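K.L.:
The structure that follows is given in the form of structure tokens.
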Amino acid sequence: MDRRQALAIFRAVTAIVVIAAIAYQVILNLDSGLFRPLRFFAFFTILSNGFAAILWLWLAATWRRERTRTEDLLRGAATLYLVVTLIRGALDSWYPYPFLDPDHGGYGSVGYHVLAIFAGFLVIAGIIVALGDFGRDRRIRIARSRPVVDG
């Protein structure tokens with residue numbers, strides 16, 4: 001099994017676990033009588049995980065071909081939900097997280113928290129990219145150090 005195929009399997013399994021976790025949360029809310037679909041799906045955590053799971057299932061299913069611009073754009077879609085959440089909250093005065101509610105410090109406070117979360121994502125993404133580059137570079141160095149055998 002090559003690296004790309006292993007990654008596809010990892011993505012598929014992870015996506016299935018995420019979808020199962022979201023479904024389990026829905027079932028718990030339904031059983032308690034507290035399930036309100038508009039509020040449940042207003043949570044950034046639910047939306048971003050659901051979107052990532054769908055995208056990872058797609059990437060797992062299409063692992064043999066090059067990634068498209070559309071697939072790249074889907075990764076940015078989770079950001080839209082944070083914006084859509086702000087708009088919906090302004091319309092019905094309910095926000096899924098206190099730091100998104102402008103009544104708790106104004107839009108300056110909302111902007112600060114969103115930027116802080118974004119910065120955290122950038123740092124974590126940078127670490128992940130650096131680790132991936134280090135692994136790739138290591139594999140290249142190892143491959144170059146092996147003697148070439150002519151047939």
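K.L.:
Starting from the stretch 46-60, keep only residues that are touching a residue at least 60 places away in the same chain (Cβ under 8 Å), then list their pairs with residues that are surrounded by 18 or more Cβ atoms within 10 Å (Cβ to Cβ) whose Cβ atoms are within a distance under 9 Å, requiring at least 6 positions of separation or different chains.
P.N.:
So the pair list comes out empty.
K.L.:
Inside the stretch 9-40, can you point out the residues that are of a type in the set (Lys, Arg) and under 22 Å from Pro96 (Cβ atoms)?
P.N.:
Result: Arg36, Arg39.
K.L.:
What about Ile124, is it closer than 20 Å to Leu100 by Cα, of a type outside the set (Gly, Ala, Ser), modelled with pLDDT of 80 or more and under 16 Å from the mean Cα position of the chain (by Cα)?
P.N.:
In short, no.
K.L.:
Could you check Thr14 against (1) at positive phi; (2) surrounded by 15 or more Cβ atoms within 10 Å (Cβ to Cβ) and say which number it fails?
P.N.:
Against the list (1) at positive phi; (2) surrounded by 15 or more Cβ atoms within 10 Å (Cβ to Cβ), Thr14 comes up short only on (1).
The values are calculated or read from the model by the stated rules, or taken from the named source; none is laboratory data. Since we're looking at a predicted model, the values are computed, not measured. Every residue, glycine among them, receives a Cβ derived from its backbone with ideal geometry; neighbour counts consider all protein chains shown.
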